[in-house]
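Bear in mind that the values in this text are calculations on the coordinates, not laboratory data. What you are looking at is a predicted structure, and each value in this text was computed from that prediction instead of being measured. Positions of Cβ are backbone-derived with ideal geometry, glycine not excepted, and every protein chain shown enters the neighbour counts.
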Amino acid sequence: MKNSKFWMAVAASGVVMNIIDFLVQGMLMGPMYYSKHTDVFIQTTDPVWFVIGDFITVFVLAWVYLKVSGNFSADWKGGAMYGLYAGILVNFPTWIFLHLMLKGYSYKFAWFSTIYGIIWTVIAGAIVASIYEKKTAAPAGS
C-alpha cells in the first residue's frame, strides 16, 4: 500500500465511482425511488458520507486486489473479473437478505441493488487493475 500506484488506483476509481453513484443513485434513483420511500430511506444524510464511503470501498477493493491479483490476468479484464467475483460475494447476499429484514425494502429493489453493486465493483476492479497493469517493454530492435 506504500506504492504510489495503489493510491493512484484508489483516487482514480474513487473519483469515477463517485461520479457514477452521483448519476445513478443521486440523479436517477433519488427522485425515482428513494424520495418516494421515506419510510425506508433517510433523506437527510450528509452527502459527504457517501463520497467518503465510495473512497473507503475502493480502498478495500484495491487492497484485496493486491492480495489476489496473481489469480487474474494482469490487465483491466482481469480486474473486471476480480470485480465480478467480489461484487457477487458482497452484493448478492447483502441486498437479498436486507429485503428479508426491512419493511418496505422491496424484493425488486433488492435485485436492482444487487445488480448495480456487481456492476459497480466490475467497473472499479477494471480501473484498479488498469492502473496496476504490468507494461511490457518492446523487444530491442523492434
Item to complete: Using amide H atoms built 1.01 Å from N in the peptide plane, name the residues 5+ places from His37, or on other chains, whose amide H lies under 5 Å from its own.
Response: none
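So if each residue of separation counts as 0.36 nm, and I subtract the Cα-Cα distance between Ile52 and Ser35, what length gain in nm does that give?
Stretched out fully, the Ile52 to Ser35 stretch lengthens by 3.9 nm.
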Response to the item:
Taking the stretch 47-142, the lysine pairs whose C-alpha atoms sit under 19 Å apart (8 or more places apart or on different chains) add up to 4
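Which value, in debye to the nearest 20, describes the size of the charge dipole of the chain about its Cα centre when Lys and Arg Cβ atoms bear +1, Asp and Glu Cβ atoms bear -1, and nothing else is charged?
Roughly 300 debye for the chain.
So what's the back-of-envelope 222 nm ellipticity for the chain, counting only DSSP H runs of four-plus at -39500 (n - 2.57) apiece and dividing by all residues, rounded to 500?
-22500 deg cm²/dmol
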Discussion item. Can you compute the modelled spin-label distance between Trp63 and Thr45, with each label point 7 Å from Cα toward Cβ, in nm?
Written reply: 2.0
Worksheet item: Build a GNM of the chain with springs between Cα atoms under 10 Å: which of Asp75, Asp54, Asp39 gets the top mean-square fluctuation?
Response: Asp39
Worksheet item: Which one of Thr45, Thr57, Thr114 has the biggest mean-square fluctuation once the chain is modelled by GNM with Cα springs under 10 Å?
Response: Thr45
